[in-house]
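Student: I am attaching a structure below and will ask some questions about it afterwards.
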Amino acid sequence: MKANRMKPILTLLTSLLLAPLAALQAVDYPYVTAEPQKSGWPLTAEERAYVVDKPEHDRRPGREANKHLPQLWPVVPSAGHFGGDAWLKLHEAHVKTVQANKGPIDVLLVGDSITIQWGDSWKKHFPDLKTVNIGIGGDKTQNVLWRLDHGGVEGLQPRAIVLMIGNNNMFFTPETGIEAAALGIQMCVKNLREKFPNAAIIVAKILPAHAPGNRFYEDIKKTNAAHDPLKLDSDPKLRVLNLWSDFTNADGTIKKNLFTPDNIHLSPVGYAVYAEKLKPLLATQ
């Protein structure tokens, strides 16, 4: 009888030991997709084929049921896709970096191209901070969610996290709407907070891009404003960093010297301004 009673316990322990393939999701998402492996690392062969062989638009929420649910795109995890396995290779490289730096670190940088392009500027302005940067160019909130759930930060113990994401969601706001883009940022925060309950989190609002009157510029501004009702900083260990006035002139135009010629990415001078605003926040954590 005792042996029979032990079987369910042993089954549970075995399932826990067999993670990460059966790992629990970090947060409850509003839609369950047809993705075969919702979380964990390494990827199963089935999950890898799903991510590599299907373009991202074929993996969106509702696609498997021939439903169009754009309001859910930013808040439901989805791997990125550059064609073939190019995006996945970037994620795999980050996973290797994370695995090589398991344990305490000072800062975890999470985001898109603006984050990964910190490069030498980060080393210049924060030379003494042990930092892991997992930015990927082109990433949207849903791509970050997928990476966080599939080995992207596993084993790290960051003292502070800097999140800047949402710029690339602006390509899709005509379909998703502004509020969905802001909720995608909130979902990234929820994911990070569940994984790192003791870390300080700095959420940098989306930087301006292009010029007033441009849809992209205006939608960034609206998305940043949509942050406020979400009250992200009701979390006592979270700070929202609004850099808009630092990167724009009085008439709303961007300060050209802070940007590269594409009017989106930052110049070394732009990263210097960003760094100066981050320093006091990181120093108090």
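The values are calculated or read from the model by the stated rules, or taken from the named source; none is laboratory data. The model shown is predicted, which means the values in this text are computed figures rather than measured ones. Cβ placement follows ideal geometry from the backbone for every residue including glycine, while neighbour counts extend to all protein chains displayed.
Student: If I filter region 147-160 for residues that are crowded, with 21+ Cβ neighbours inside 10 Å, among the acidic types (Asp, Glu), closer than 23 Å to Ala275 by Cα and under 12 Å from the mean Cα position of the chain (by Cα), do I get at least one hit?
Tutor: The answer is no; no qualifying residue exists.
Student: A follow-up question, please. What pairs can you find where one residue is in region 52-66 and at positive phi, the other is surrounded by 15 or more Cβ atoms within 10 Å (Cβ to Cβ) and not aromatic (Phe, Trp, Tyr), and their Cβ atoms are less than 6 Å apart, with a gap of 6+ or different chains?
Tutor: So the pair list comes out as Gly62/Leu69.
Student: Is at least one residue of region 255-264 closer than 21 Å to Gly137 by Cα, out of contact with any Asp or Glu (no Cβ under 9 Å at 6 or more places or on another chain) and surrounded by 18 or more Cβ atoms within 10 Å (Cβ to Cβ)?
Tutor: Among the residues of region 255-264, at least one is closer than 21 Å to Gly137 by Cα, out of contact with any Asp or Glu (no Cβ under 9 Å at 6 or more places or on another chain) and surrounded by 18 or more Cβ atoms within 10 Å (Cβ to Cβ), which makes the answer yes.
Student: Restricting the search to region 223-273, which residues are of a type in the set (Ser, Thr, Tyr) and either without any contact (Cβ under 8 Å) to a residue 12 or more places away in the chain or in a loop (DSSP other than H, G, I, E, B) (or both)?
Tutor: Taking region 223-273 first, the residues of a type in the set (Ser, Thr, Tyr) are 223, 234, 245, 248, 253, 260, 267, 271.
Scanning region 223-273 gives Ser234, Ser245, Thr253, Thr260, Ser267.
Student: From (1) assigned to a helix (DSSP H, G or I); (2) in contact (Cβ under 8 Å) with a residue 24 or more places away in the chain; (3) among the hydrophobic types (A, V, I, L, M, F, W, C), pick out the condition that doesn't hold for Ala93.
Tutor: Checking Ala93 against (1) assigned to a helix (DSSP H, G or I); (2) in contact (Cβ under 8 Å) with a residue 24 or more places away in the chain; (3) among the hydrophobic types (A, V, I, L, M, F, W, C), the one that fails is (2).
Student: If you don't mind, there's one more thing I want to ask. With Ala204, Ala211, Ala226, Ala180 as the choices, which residue is closer than 18 Å to Val144 by Cα and touching a helix residue (DSSP H, G or I) at 6+ places or on another chain (Cβ under 7 Å)?
Tutor: On the way: Ala204 fails: touching a helix residue (DSSP H, G or I) at 6+ places or on another chain (Cβ under 7 Å); Ala211 fails: closer than 18 Å to Val144 by Cα; Ala226 fails: closer than 18 Å to Val144 by Cα.
Answer to the check: Ala180.
Student: In the set Leu230, Leu207, which member is buried (at least 18 other Cβ atoms within 10 Å of the Cβ) and out of contact with any Ser or Thr (no Cβ under 6 Å at 6 or more places or on another chain)? Show your work before the answer.
Tutor: Numbers: Leu230 fails: buried (at least 18 other Cβ atoms within 10 Å of the Cβ).
Checking each option against the conditions leaves just Leu207.
Student: Within region 103-118, identify whether any single residue is outside any loop (DSSP other than H, G, I, E, B), in contact with a helix residue (DSSP H, G or I) (Cβ under 8 Å, 6 or more places away or on another chain) and over 25 Å from Gly270 (Cβ atoms), and answer yes or no.
Tutor: So far as region 103-118 goes, no, none of its residues is outside any loop (DSSP other than H, G, I, E, B), in contact with a helix residue (DSSP H, G or I) (Cβ under 8 Å, 6 or more places away or on another chain) and over 25 Å from Gly270 (Cβ atoms).
Student: Condition (residue is under 23 Å from Val240 (Cα atoms) and modelled with pLDDT of 95 or more) applied to region 78-98: is it met by at least one residue? I'd like the intermediate steps shown before the answer.
Tutor: Residues of region 78-98 under 23 Å from Val240 (Cα atoms): none.
No: zero hits.
Residue-wise test of (1) assigned to a loop (DSSP other than H, G, I, E, B); (2) surrounded by fewer than 15 Cβ atoms within 10 Å (Cβ to Cβ); (3) within 20 Å of the chain's Cα centre (by Cα).
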| site | (1), (2), (3) |
| --- | --- |
| Leu43 | yes, no, yes |
| Val51 | no, no, yes |
| Leu72 | no, no, yes |
| Gly83 | yes, yes, no |
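Student: Kindly list the number of the only condition in (1) of a type outside the set (Gly, Ala, Ser); (2) at pLDDT 95 or above; (3) outside any helix (DSSP H, G or I) that fails for Gln285.
Tutor: All conditions pass for Gln285, except number (2).
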